[in-house]
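After the structure tokens below, expect a handful of questions from me.
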Amino acid sequence: MPLYRTMIEDPSDHLPEVGGSNNRQLGVRVPQDVRLEGGVVQPTRSGGRAQGMSVFAATDPAELPPYMIPLRDGGTSRFGEVFEIEGDRFADPLACRPERAPHHVVGPLAPLGLDALQTALGATRRDWRRSR
């Protein structure tokens, strides 16, 4: 099943912008998306919530929440483009974990340093494609 995320498009190649400074980049933010324990990101927080980058599963991008859809397409997102990736594109050291449908989290499969996590997420950049 495809996974979707609204991200800033890099105008030079039309792929997602990689970073960790806002929620519209391909990456995670500290402490909003992940919390570090001794410089390491655990797969889950206490209580079992997955840590990582939010994505949404849907059979069609029209099923996405309005805040993910750009204004020009009838949504409420003021910036960013909807990108999609096949769910099976995330492999070790990453894992995609379902939270509450349709929300999923892409994060570390096992404890992983923040830089390694950001690098692994960034390595998926060429697998994402514009959905709309």
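The values are calculated or read from the model by the stated rules, or taken from the named source; none is laboratory data. In this text the structure is predicted, and so the values were computed from the model without any measurement. We place every Cβ from the backbone using ideal geometry, glycine too, and count neighbours over all the protein chains shown.
Residues of the stretch 59-95 being touching a Ser or Thr at 6+ places or on another chain (Cβ under 9 Å) and part of a strand (DSSP E or B), which ones?
The answer is Pro70, Ser77, Glu81, Val82, Phe83, Glu84, Ile85, Leu94.
Do you know which residues across the stretch 22-56 are polar (S, T, N, Q) and over 16 Å from Ala116 (Cα atoms)? Walk me through how you get there before you give the answer.
Of all residues in the stretch 22-56, those polar (S, T, N, Q) come to 22-23, 25, 32, 42, 44, 46, 51, 54.
Residues satisfying the conditions are Asn22, Asn23, Gln25, Gln32, Thr44, Ser46, Ser54.
Name the single residue, out of those in the stretch 52-74 being surrounded by fewer than 20 Cβ atoms within 10 Å (Cβ to Cβ) and more than 11 Å from Tyr4 (Cβ to Cβ), that is nearest to the chain's Cα centre (by Cα).
Among those that are surrounded by fewer than 20 Cβ atoms within 10 Å (Cβ to Cβ) and more than 11 Å from Tyr4 (Cβ to Cβ), it is Tyr67.
Can you tell me which residue within the stretch 99-132, out of those that are of a type in the set (Gly, Ala, Ser) and part of a strand (DSSP E or B), is farthest from Arg5 (Cα to Cα)?
So the first thing to find is which residues in the stretch 99-132 are of a type in the set (Gly, Ala, Ser), and the list is 101, 107, 110, 113, 116, 120, 122-123, 131.
Adding the requirement that they be part of a strand (DSSP E or B) leaves 107, 113.
Details: Gly107: 14, Gly113: 23 Å.
The residue in question is Gly113.
Please determine whether any residue of the stretch 52-68 is under 16 Å from Asp127 (Cβ atoms) and modelled with pLDDT under 95.
no
Listed here are the residues, each with its yes/no results for (1) of a type in the set (D, E, K, R); (2) part of a strand (DSSP E or B); (3) surrounded by fewer than 19 Cβ atoms within 10 Å (Cβ to Cβ); (4) touching a residue at least 24 places away in the same chain (Cβ under 8 Å).
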site	(1), (2), (3), (4)
Tyr4	no, yes, no, yes
Ser12	no, no, yes, no
Pro31	no, no, yes, no
Val34	no, no, no, yes
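Okay, moving on. Determine which single condition Pro93 fails, assuming it passes every other condition in (1) without any contact (Cβ under 8 Å) to a residue 40 or more places away in the chain; (2) surrounded by 12 or more Cβ atoms within 10 Å (Cβ to Cβ); (3) within 24 Å of Glu9 (Cβ to Cβ); (4) in contact with a Leu (Cβ under 8 Å, 6 or more places away or on another chain).
(3)
Now for a separate question. Applying the selection to the stretch 63-100, what residues are closer than 15 Å to Met53 by Cα and hydrophobic (A, V, I, L, M, F, W, C)?
Those that are closer than 15 Å to Met53 by Cα and hydrophobic (A, V, I, L, M, F, W, C): Met68, Val82, Phe83, Ile85, Phe90, Ala91, Leu94, Ala95, Cys96.
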